[in-house]
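S.K.: Sending over a structure as structure tokens; questions will come in a sec.
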Amino acid sequence: MPTISFCSTKGGSGKTTSCAVLALELARSGWNIKVMDTDPKNWLTSWALLKPLPKNLQVYAVPQDQLTDAAESLALQSDFLLIDVEGSDDASLIDAVLVSDFVVSPCSSSRMDALASVQVLKQVRQKSRMLKRPILSNVLMTKTAPGAIEVVLGFRPVCSLVKMDQGFSSGC
């Protein structure tokens, strides 16, 4: 029942797309997946209505003020709970971090996205210390040119990459 949140303090970093891609891949692997869309714009919920989803994948629009209670309930009903958070530095980001086992901070190649990811990682570290339990976190590079990640990692091989823009528009 791990809970994975997709967080950034700004919009446009790829949170919703990354969440949708992971949800579909986990569902296709046979896992029971619940997704909470806590962004008031409900982009993920709108995407979920475009075509039928696998039966083991459900998306719920959850008001930000109900994030904690909904996460506790849905986590018990799933193999993985994914949370898509609005791109802002507000209470919903903190609430998502507090209920998470793992926080993913999508980051494009822009300086502003990188600074936003640093803010998220600092929040995760602070909340992990406060709760006295590990909350894992990592930055997910999005919208990068082919080969850019290998350069960043010092030419180490990277697992196969999904072209997020093509994957999302084709139903992932």
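The values are calculated or read from the model by the stated rules, or taken from the named source; none is laboratory data. Just so it is clear, the structure is predicted and the values come from calculations on it, not from any experiment. Virtual Cβ from ideal backbone geometry, glycine too; neighbours counted across all protein chains shown.
S.K.: Working only within region 92-111, note down all residues that are within 15 Å of Asp37 (Cα to Cα) and small (Gly, Ala, Ser).
M.R.: Once the filter is applied, which keeps residues that are within 15 Å of Asp37 (Cα to Cα) and small (Gly, Ala, Ser), region 92-111 yields Ser92, Ala96, Ser100.
S.K.: Quickly run through region 70-97 and pick out the residues that are surrounded by 18 or more Cβ atoms within 10 Å (Cβ to Cβ) and farther than 20 Å from Leu115 by Cβ. Working first, answer last.
M.R.: Taking region 70-97 and keeping what is surrounded by 18 or more Cβ atoms within 10 Å (Cβ to Cβ), we get 70-71, 74-75, 78, 80-87, 92-93, 95-97.
Those that are surrounded by 18 or more Cβ atoms within 10 Å (Cβ to Cβ) and farther than 20 Å from Leu115 by Cβ: Ala70, Ala71, Leu74, Ala75, Ser78, Phe80, Leu81, Leu82, Ile83, Asp84, Asp95.
S.K.: Please enumerate the residues belonging to region 87-119 that are without any contact (Cβ under 8 Å) to a residue 24 or more places away in the chain and under 17 Å from Ile135 (Cα atoms).
M.R.: Selection gives Val118 alone.
S.K.: Within region 79-113, take every residue that is part of a loop (DSSP other than H, G, I, E, B) and polar (S, T, N, Q) and give me the one that is nearest to Leu136 (Cα to Cα). Give the steps one after another, and end with the answer.
M.R.: First pass over region 79-113, keeping only residues part of a loop (DSSP other than H, G, I, E, B): 79, 85-90, 100-101, 108-110.
Within this subset, residues satisfying the condition of being polar (S, T, N, Q) are 88, 100, 108-110.
Numbers: Ser88: 20, Ser100: 8, Ser108: 20, Ser109: 22, Ser110: 23 Å.
Looking at the filtered set, the residue picked out is Ser100.
Every residue, every condition in (1) free of Cβ contacts under 8 Å to residues at least 60 places away in the same chain; (2) on the phi < 0 side of the Ramachandran plot, yes or no:
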{"residue": "Pro2", "(1), (2)": "no, yes"}
{"residue": "Ser8", "(1), (2)": "no, yes"}
{"residue": "Ser18", "(1), (2)": "no, yes"}
{"residue": "Asn42", "(1), (2)": "yes, no"}
{"residue": "Asn56", "(1), (2)": "yes, yes"}
{"residue": "Val62", "(1), (2)": "yes, yes"}
{"residue": "Thr68", "(1), (2)": "yes, yes"}
{"residue": "Val85", "(1), (2)": "no, yes"}
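S.K.: Right, another one. Has region 114-133 got at least one residue that is in a loop (DSSP other than H, G, I, E, B), more than 21 Å from Thr16 (Cβ to Cβ) and modelled with pLDDT of 95 or more?
M.R.: So the first thing to find is which residues in region 114-133 are in a loop (DSSP other than H, G, I, E, B), and the list is 132-133.
Now restrict to residues that are more than 21 Å from Thr16 (Cβ to Cβ): 132-133.
Next, from what is left, pick out any that are modelled with pLDDT of 95 or more: 132-133.
Within region 114-133, one or more residues are in a loop (DSSP other than H, G, I, E, B), more than 21 Å from Thr16 (Cβ to Cβ) and modelled with pLDDT of 95 or more.
S.K.: Considering region 3-15 alone, what residues qualify as being of a type in the set (Val, Ile, Thr) and modelled with pLDDT of 95 or more?
M.R.: Restricting attention to region 3-15, the residues satisfying the condition of being of a type in the set (Val, Ile, Thr) are 3-4, 9.
Scanning region 3-15 gives Thr3, Ile4.
S.K.: From (1) more than 18 Å from Leu26 (Cβ to Cβ); (2) under 15 Å from the mean Cα position of the chain (by Cα); (3) not small (Gly, Ala, Ser), pick out the condition that doesn't hold for Tyr60.
M.R.: Among (1) more than 18 Å from Leu26 (Cβ to Cβ); (2) under 15 Å from the mean Cα position of the chain (by Cα); (3) not small (Gly, Ala, Ser), the lone unmet condition for Tyr60 is (1).
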